[in-house]
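The values are calculated or read from the model by the stated rules, or taken from the named source; none is laboratory data. All figures in this text were calculated on a predicted structure; none of them were measured in a lab. In this analysis, Cβ positions are derived from the backbone assuming ideal geometry, glycine residues included, and neighbour counts consider all displayed protein chains. Just so you know, the surface numbers come from the protein's heavy atoms only, side chains and all, with ligands and any DNA or RNA stripped out. Shrake-Rupley method; radii C 1.70, N 1.55, O 1.52, S 1.80 Å.
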Amino acid sequence: MEYNFREIEKKWHQRWVAQQTYKVTEDPNRKKFYVLNMFPYPSGAGLHVGHPLGYIASDIYARYKRLQGFNVLNPMGYDAYGLPAEQYAIQTGQHPAITTEQNIARYREQLDKIGFSFDWSREVRTCEPGYYHWTQWAFQKMFGSFYCNTCKSAQPIEKLVEHFEKEGTANLDVAQSEELSFTANDWNAFDAVKRQQVLMNYRIAYLAETMVNWCPALGTVLANDEVIDGVSERGGFPVEQKKMKQWCLRVSAYAQRLLDGLDTIEWTDSLKETQRNWIGRSEGAEIVFKVKDSDKSFTIFTTRADTMFGVTFMVLAPESELVQELTTPEQKAAVDEYLAYVKKRTERDRISDRKVTGVFSGSYAINPFTGEANPIWISEYVLAGYGTGAIMAVPAHDSRDYAFAKHFGLPIVPLVEGCDVSEESFDAKEGIVCNSPKAGVTPYVDFSLNGLTIKEAIAATKKYVREHNLGRVKVNYRLRDAIFSRQRYWGEPFPVYYKDGMPQMIPEACLPLELPEVDKFLPTETGEPPLGNAKCWAWDTKNNKVVDNALIDNTTVFPLELNTMPGFAGSSAYYLRYMDPHDDKALVSAAADEYWQAVDLYVGGSEHATGHLIYSRFWNKFLFDLGVSCKEEPFQKLVNQGMIQGRSNFVYRIKDSNTFVSLGLKDQYDTTPLHVDVNIVSGDVLDIEAFKAWRPEYATAEFILEDGKYVCGWAVEKMSKSMFNVVNPDMIVEKFGADTLRLYEMFLGPVEQAKPWDTNGIDGSHRFLKKFWNLFWNKDSFAVTDDEPTKEEMKSLHKLIKKVSEDIEVFSYNTSIPAFMIATNELSQLKCNKRAVLEPMVVLIAPFAPHIAEELWEALGHNTTVCDAQWPALDEKYLVEDTVKMMVAFNGKTRFGIDFPADADNATIEAAARNHELTPKYLEGKQIVKIIIVPKRMINIVIK
RNA sequence: GCCCAGAUGGUGGAAUUGGUAGACACGAGGGACUUAAAAUCCCUUGGCCAGUGAUGGCCGUACGGGUUCGAUUCCCGUUCCGGGCACCA
């Protein structure tokens, strides 16, 4: 019987569906295991061979865990909201829901061919009301919560109101946008609108006028992680800074917990490092500087409190509110001119040319340590969004301050013994402090830092600042709050209406608030987001329903929010929804959450390090505070699959001709390399007829061949349509079968590593499956017998059990596949066709190649699927060797191995080594100095 | 600039974590079967040198040092590639 993969795979796909083989239910009697892939955005291009890599890797793990007796949750769904469907809608008028539906159908068709063990009954789509119900619900909960720094958790906003009623802002330690100060009496005197405004300062989901990354080409704002080098991540359009009223999530409140949580999870060091950088914790001090000849003062943030005696000027961010306050009338014209200049510059300009620019404000600040008056400058190198938007400049020990001081001729005072600041600043945090005044010399401070190390000096200064009320010790984070509004159509609508200009939540019982229909997907003529085109988009508070805009009276019927939520909203808690996907009472029931806990193994690309993987952790921590999720960290172990790159092929056209020259001869001509479709190239040899047919202009092409062949050049590039290097998994499945594809993708290299796709090697994997098949079949008869296997055959099997079990645990599939090949070859040479060996082999290969495993399992006479089999147990006794080969080395040079009984002791080995008849050649005229025996490995004989 | 991870044949990659470097696969070369092709099977395949030959010798894991009886593996320095952060005070 031949290995007919087409029939086998078709048969088992049908049977798996019919028998619901992969449906899972909570079962308290079985241990659970939750495997998850980052769900895909269903793009119009369909899957290429790179996409399934992570799915295959995790599917192998899921199947393995199941064979080990775990109740495995391995779901799949779609991150269905996204820009491409919306842009397609703008161009063609086709509703994004239709585009998305079509793309999902195509994805599903492609995924089904590869034989995954997904429980499709748990599929989620972020764009379905039953799903985004809970996205909206979570948003409302965030709106109704504030973050308490003392109890380190989110709390209902009502608690904060209670606090205000009793003591105003006294004794308040909470996360907030600005530090407000009012009494209980003040609060009680505020009207409803004012109270709402105040509460906005504390809510975890809040509306605020903020500087946003505005992308005019896309017509929307973007989050920081969606902007790369000053251009949009999608499309590469320029991004500018703009002040807009936006929904924000107070992610920054969770900065410390996001940082601490990293120590409790099994992620790669590099990914944790990326998140630590992104969170950007820095410990320092906030110090208050008084303005000279004024009652004003302002606060700066520094991590180098030890450099107080080296401050020679101050700098404000151009966007800082202090700029208007501190600019003197004489300097106003110059400052205004500078501000206009800064405003013109985009984020990209700032990054590309780092010119030293700035202007003097006219004011001076008094250094609280020395009493010196330092000029206050304004410069774009100070960022408004970090710290307090103002710094003290210490040019001797900060390279940016140094460049500024040199450019504007400001003084530079070094503070570290032996440092040379004539050419550049001394930024290192190592050395002994000098140049601080002797104790008692200034009327301002009564201590000196001279002689301390920098670290000691920082600590001493902080202590002094705290004790003398000059400021406070402060931890700052680079992590900013997430902008949560997008001016788009194809996203979750906010369950929010506006009354007196203040947002109100629609009642929880009325969720989900469904996305309305619009005639046009573009922004309105007045510049409002696409939802401004909706005719029926107003909230009737009497009847609690969406009604026609014409009914808006602002007494009972109010306008609804026109923005929608960003892409990360729907993907932030989807792993919880998979636990209980059809629950219409809760995001996830307590029982389901209690059973599945959190994702045990999460597989996906590292490109989500500062996006989805931060937002999800934040979102989950919030739900944890609410008691919805029982685990604080959502993803216990995370594996980043490497990207599969394309391997492009090139042909070389001789300039101004239609003649193409083969790779080896191209240097003799003046040629232009052109991408050629990799599907008409095999082993870098061009199929000339297919090439001529590929494009009309090549129909008359001529070729200069080498050895009768046209050899193409190649390069590794991103897999993309424009480079003609996209390899479609359907074609591979059609030609070789899904099992071959699965095996080959895993064999290609370590899962975590980026690697180019090269279809050429796939034959090897396919051949292996045929050999494996042929262990069971002899021509057309099933050849498996019940004979007793030999020890040697059992050894082959148990070596394999050991290797494969160990490899799967550490995701090292690329080395277990060779182990299968070796075992198959050994058994094939031994002509082993015994059930006791072959049956466990089928179970071992089932995670990797499930279709062939099912077929053979059935042929072995089982009437259950191989998925319900037991992972074979390792019996070490078959691996114990009778003899051990010890390597013998003379002065470190390895010469040969000698077999010893496995239980030989060192004395026996040493005696044998001394007397061994194989050694005289090396011992002639030499003397043994010592013999070192490395247990079970090596006898090292030192001779003289 | 700072942080993280790497560098092994023609190619993808192994190496029990300090013990015979190059498993396995691709590609290449040779052979068997065949009228032929496909398919299948077998042999060779890091480099250099010696030998008719079995075989033997030397070099070899980016580069330069070090530790060790012994280093792809550990330590120090250099170069190069990839990733993250970046006027973050």
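Annotation note: of A:GLY46, A:GLY82, A:GLY69, the sole residue that is under 23 Å from A:ASP807 (Cα atoms) and either of a type in the set (A, V, I, L, M) or open to solvent by less than 40 Å² (accessible area, probe 1.4 Å) (or both) is A:GLY69. When segment A:741-768 is filtered for residues that are among the basic types (Lys, Arg) and more than 7 Å from RNA strand B (Cβ to nearest atom), only A:ARG742 remains. Among the residues of segment A:595-616, the one identified as touching an Asp or Glu at 6+ places or on another chain (Cβ under 7 Å) and either closer than 14 Å to A:TYR574 by Cα or crowded, with 24+ Cβ neighbours inside 10 Å (or both) is A:ALA598. Of the residues A:LEU218, A:LEU207, the single one that is touching a helix residue (DSSP H, G or I) at 6+ places or on another chain (Cβ under 8 Å), within 30 Å of A:THR169 (Cα to Cα) and in contact (Cβ under 8 Å) with a residue 12 or more places away in the chain is A:LEU207. Among (1) open to solvent by less than 20 Å² (accessible area, probe 1.4 Å); (2) without any contact (Cβ under 8 Å) to a residue 12 or more places away in the chain, which single condition is A:GLY527 missing? Single failed check for A:GLY527: (1).
Between A:ASN679, A:ASN725, the distinction of being open to solvent by 30 Å² or more (accessible area, probe 1.4 Å), closer than 23 Å to A:HIS51 by Cβ and not in a strand (DSSP E or B) belongs to A:ASN679 only. Among residues of segment A:858-902 being part of a loop (DSSP other than H, G, I, E, B) and modelled with pLDDT under 70, the one that is nearest to RNA strand B (Cβ to nearest atom) is A:GLY892. Going by the conditions given, is A:VAL335 touching a strand residue (DSSP E or B) at 6+ places or on another chain (Cβ under 6 Å) and either open to solvent by 70 Å² or more (accessible area, probe 1.4 Å) or away from RNA strand B (no atom under 16 Å from the Cβ) (or both)? So A:VAL335 passes the test.
Go through (1) more than 17 Å from A:GLN504 (Cα to Cα); (2) away from RNA strand B (no atom under 16 Å from the Cβ); (3) open to solvent by less than 80 Å² (accessible area, probe 1.4 Å) for A:ALA189 and report which single condition fails. The failed condition is (3). For segment A:287-306, taking the residues that are open to solvent by less than 20 Å² (accessible area, probe 1.4 Å) and within 15 Å of A:VAL445 (Cβ to Cβ), the one that is nearest to RNA strand B (Cβ to nearest atom) is identified as A:ALA305.
Looking only at residues that are among the acidic types (Asp, Glu) and within 14 Å of RNA strand B (Cβ to nearest atom) in segment A:260-286, which one is nearest to A:TYR477 (Cα to Cα)?
A:GLU283
Check A:ALA457, A:ALA403 and return the single one that is part of a helix (DSSP H, G or I), open to solvent by 20 Å² or more (accessible area, probe 1.4 Å) and at pLDDT 85 or above. Explain how you work it out, then say what you get.
Values: A:ALA457 fails: open to solvent by 20 Å² or more (accessible area, probe 1.4 Å).
None of the others qualify; the one that does is A:ALA403.
Residue count for segment A:348-404, restricted to those that are of a type in the set (A, V, I, L, M), touching a Lys or Arg at 6+ places or on another chain (Cβ under 8 Å) and over 21 Å from A:ALA334 (Cα atoms): 3.
Taking segment A:309-399 and the helices (runs of 4 or more DSSP H) fully enclosed by it, the elements with 1 or more residues that are more than 38 Å from the chain's Cα centre (by Cα) are at A:322-326, A:332-344.
Go through A:ARG15, A:ARG63 for me and flag whichever is surrounded by 19 or more Cβ atoms within 10 Å (Cβ to Cβ) and over 22 Å from the mean Cα position of the chain (by Cα). A:ARG63 is the lone residue from the list that is surrounded by 19 or more Cβ atoms within 10 Å (Cβ to Cβ) and over 22 Å from the mean Cα position of the chain (by Cα). Does segment A:797-813 contain at least one residue that is open to solvent by less than 70 Å² (accessible area, probe 1.4 Å), more than 33 Å from the chain's Cα centre (by Cα) and within 15 Å of RNA strand B (Cβ to nearest atom)? Yes: one or more hits. In segment A:18-52, which residues are of a type in the set (Phe, Trp, Tyr), over 22 Å from A:GLN645 (Cβ atoms) and not in a strand (DSSP E or B)? The answer is A:TYR22, A:PHE39.
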